[in-house]
Amino acid sequence: MSRRPDLREETADAVPGPRTWSWVRGGGPPTTVAGAESAIVVLVIGARIGTLVQALPSLPGGVSSSPAPAWYVACWAAAAAASITVSVTSYRRGHALSDRAQAVDIALAVVIVLLGPWTVAVEDRIGSWEGFQPGYALSVVLSMIAMRHGGVWLAGLSAIVAAEVFYLASASETASASTIVGNLFTVIVLGVVGRGSVQYLRRVADDADEARAQASELARLREEQRAQVAIHNGAAVMHLLGDPSLDDVTRDRLLEQAQYEATRMRAYLRGVPRSHLDPDEDTSGPRPLADVVSRKCREFDDLVIEVALDLGQGVRVEPAVAEAVENALTSLLLNVRMHSGARLVVVHLDAGDDFPPTGWVLTVHDDGHGFDPAGVELGVGLREVVRGELGRHGVDVRIESTAAGGTTVTMAGAVAGFPGIDVEGTR
Amino acid sequence: MSERPTAVVVDDATVIRQSIPALMPAFDIVGSYPRVEALIAERPHADLVILDLHLVNSTQPSARQGVAAVRAVVAAGYRACVYSQEERRFVLAACLAAGATGIVSKSEPVESAQSMFLDAMAGQIVVPQAIISLMELLVRRNCITILGERQRQVLAGRARGLTYAELSRSLFLSESTLRGYWRELTLGVSRYLQETTPSDIERALGLGPGDLLDFWPGSATEPAGDSASRDWWHLR
């Protein structure tokens, strides 16, 4: 079986880069996995660079009030470098940094926060951007939400919270306990909620990509089925026409069938129903099923076909159903002609005892050598032209066969009309 | 008297008369005749008369044929099994109405035809697929109401071409039981056809008045002149 294409591999937005601008113009990133990752990158960049921009105006004041200005500047520079590196790298990659790289980022943030009590004046540690460490820690926590591994994320969050506890404890003389606890809760709550949101966003994007892949696969299969339905009978007729031992009568019949099948193939290639290319076809309303069956059976007069349509006389079906039944019958009778070795084929139509009739059952039985349905994969004719195509038109199909015991195909559908009686919509 | 089943052949084709004994060794042919009148004149003992329907030709233009021939053979006390190329179902049904025990198509393979003749010799009604469909139609139109549920199921299956083996699997009955149902069924239908007027059957089948008169025994008038050779199934 062929491998199903994965849209995620083919998405044009796998690397956001400059395309970010096209999102802005186009209303946001695409709703794919790659798009979701890009959106997370934007969030990370916003948190990191935004924090940096907010802290920048307070840098001179922080340096001047710091008890260790050189260390203060070093810490600030390290934080700025880390934020810029994380942002630029994430942007270029199109998705967040690896867990390993983020662990390094977290470790650096922990060190910067732990050095805070020595580099920031006590009165600046809480509630001002001179004490930039809590704000910086929060930005790192927000960029951590993109981590893949839950355990690493939890360890990182714990480390930052612990470092922040240490930092805030050093400022307990200048800030109330509620302020300190509030700051801690902010880090924890935003970290947890942010990570939950990112996980959910990734799941939605995964499902969306999966749904697109399935839809694409279904469309491909449907097209394949349509091609098989359009081509199968024609291929069988051509195969039979290639038999040099054919008698003239059978050859003439096959040529008629070939013409019919050629029209069907042309209709498929043009994407229109076959009836559009056949001027003799009446598509104005429901068609008498017995006539459809009878006409088709007459095309196979080289076979011994006993046609019993009395019990279904008058039953009309929708034109599309009539065409599907016609094609299915062609396929079945071609199968009989080519494979079954049957002596007698019985085609039987029954509309039941209700009046007006609501359903019909068409049975095609041959006394050929049959096959074991459990041990044989159905060919394109039985699988697509008979079961698939009729099924798509609301006709139930049952195929029964035994090796050396003949084959019975039973089709059951709804009546679309009956002479003088409107039974539209009933079944 | 031989223990093997015996039959006589009535067929205007010499080849058929002479080849059947060689091709169908399961029974003995104790006589062969080109026309019914010769059979009735000689009246040999036989379990079955294998009877062609089309017996008129240039050497015997006045031969009795068609449904009339069936009726004459049956009236002479024989079991008659029609062996013909005739496929029109109302003509075949008319033969059953005239008392034929069976109808076998000349297109049947030899082995199959031989088996059907043996069934007819054993008293079974042998009917072709076209007649089975007609039987189902008569039953579904409530012309024949004596059928039990099982007989209806067997009839429905046979009308769709199912073999006894296939029916046996779907109805969970042995093939011999199914054959028993079929025997009763065909005897009932045969009786119905013999006892019912053509106009009743016309009504039952939705045919126009008089549509069956050309075929049915006891209803046709003597054809005259050229039409006799054209409508050869008529009574003569």
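The values are calculated or read from the model by the stated rules, or taken from the named source; none is laboratory data. As the structure is a computational prediction, the values presented were derived from the model and not from experiment. Don't worry about glycine lacking a Cβ; one is built from the backbone with ideal geometry, like all the others, and counts go over all protein chains shown. The protein model used for the area step is the full one, side chains on, heavy atoms only, and it has no ligands, DNA or RNA in it. Shrake-Rupley method; radii C 1.70, N 1.55, O 1.52, S 1.80 Å.
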Name the shape class, rounded, prolate or oblate, that the alpha-carbon gyration tensor gives for chain A, where a ≥ b ≥ c are the square roots of its eigenvalues, rounded holds for a/c under 1.5, and otherwise prolate holds if a/b is larger than b/c and oblate otherwise. prolate
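Mind checking the full-extension length gain between A:Met238 and A:Leu190? Use 0.36 nm per residue of separation minus the Cα-Cα distance, one decimal, nm.
Values: separation 48, 0.36 × 48 = 17.28 nm, distance 7.05 nm.
Extra length from A:Met238 to A:Leu190 when fully extended: 10.2 nm.
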GNM on chain B, C-alpha springs below 10 Å: top fluctuator among B:Gly123, B:Gly148, B:Gly31? B:Gly148
In degrees from 0 to 90, rounded to the nearest 10, what is the angle of the helix A:177-241 Cα long axis to the longest principal axis of chain A? 20
Sort A:233-242, B:49-58 for me by packing, meaning the mean count of neighbouring Cβ atoms within 10 Å per residue, highest on top. B:49-58, A:233-242
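Which length gain, in nm to one decimal place, applies between A:Ala262 and A:Ala211 when the Cα-Cα distance is subtracted from 0.36 nm times their residue separation?
Working: separation 51, 0.36 × 51 = 18.36 nm, distance 3.64 nm.
Between A:Ala262 and A:Ala211, full extension yields 14.7 nm more.
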Chains B and A: accessible area buried, summed over both chains, 1.4 Å probe, nearest 100 Å², reads 1400
Give the average, rounded to an integer, of partner chain Cβ atoms located within 10 angstrom of each Cβ in A:346-355. 3
Cα-projected label distance for A:Ala177 with A:Val104, points at 7 Å along beta-carbon direction, nm: 4.2
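Grab the DSSP H runs of the protein assembly as shown that are 4 residues or longer, score each as -39,500 (n - 2.57), total them, divide by all residues and round the 222 nm result to the nearest 500 deg cm²/dmol.
Numbers: 24 runs with 351 residues, N = 663.
My calculation for the protein assembly as shown gives -17000 deg cm²/dmol from helical runs alone.
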Count charges around A:Leu138 for me, please; just the other residues with Cβ under 12 Å from its Cβ, Lys/Arg as +1, Asp/Glu as -1. 0
What nm value, rounded to one decimal, do you get for the distance between B:Ser19 and B:Glu149 when each label is placed 7 Å out toward the C-beta? 4.9
Ignoring ligands, DNA and RNA, what accessible area per residue does the range A:136-219 give at 1.4 Å, in Å²? 47
Restricting the range B:113-169 to trypsin sites (Lys or Arg not before Pro) in coil, as DSSP defines it, with at most 16 other Cβ within 10 Å: B:Arg141
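Can you tell me which of A:131-140, A:56-65, B:182-191 comes out highest on packing, and rank the rest after it, using the mean Cβ neighbours within 10 Å? Mind showing how you got there, number by number?
Values: A:131-140: 24.8, A:56-65: 15.0, B:182-191: 19.0.
Output ranking for A:131-140, A:56-65, B:182-191: A:131-140, B:182-191, A:56-65.
Applying 1/(1 + (r/R0)^6) with R0 = 35 Å to the Cβ-Cβ distance of A:Arg202 and A:Leu56, what FRET efficiency is obtained, to the nearest 0.05? Don't skip to the answer; put the middle values down first.
Numbers: r = 32 Å, r/R0 = 0.93.
Once rounded, the FRET efficiency stands at 0.60.
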Mean-square fluctuation maximum in Gaussian network of chain B, Cα pairs under 10 Å, restricted to B:Val73, B:Val91, B:Val139, hits B:Val139
What angle, in degrees between 0 and 90 and rounded to the nearest 10, separates the Cα long axis of helix A:289-298 from the longest principal axis of the Cα atoms of chain A? 70
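Which percentage, to the nearest 5, of the DSSP beta bridges contained in the range A:297-398 is antiparallel?
On the way: 6 of 10 bridges.
If we restrict to bridges inside the range A:297-398, about 60 percent are antiparallel.
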Separation between the B:Ala38 and B:Arg183 pseudo-spin-labels, each 7 Å from Cα along Cα→Cβ, expressed in nm? 3.5
Using a Förster distance of 41 Å, how high is the FRET efficiency between B:Arg203 and A:Thr410, based on the Cβ-Cβ distance and rounded to 0.05? 0.85
Can you give me the % of accessible surface on the range B:87-141 that is carbon or sulfur? Probe 1.4 Å, all protein chains present, nothing else counted. 48
Take the alpha carbon gyration tensor of chain B, find the square roots of its eigenvalues, order them as a ≥ b ≥ c, and report rounded if a/c is under 1.5; if not, report prolate when a/b exceeds b/c, else oblate. oblate
If one compares the long axis through the Cα atoms of helix A:69-93 with the longest principal axis of the Cα atoms of chain A, the angle in degrees, nearest 10, works out at 10
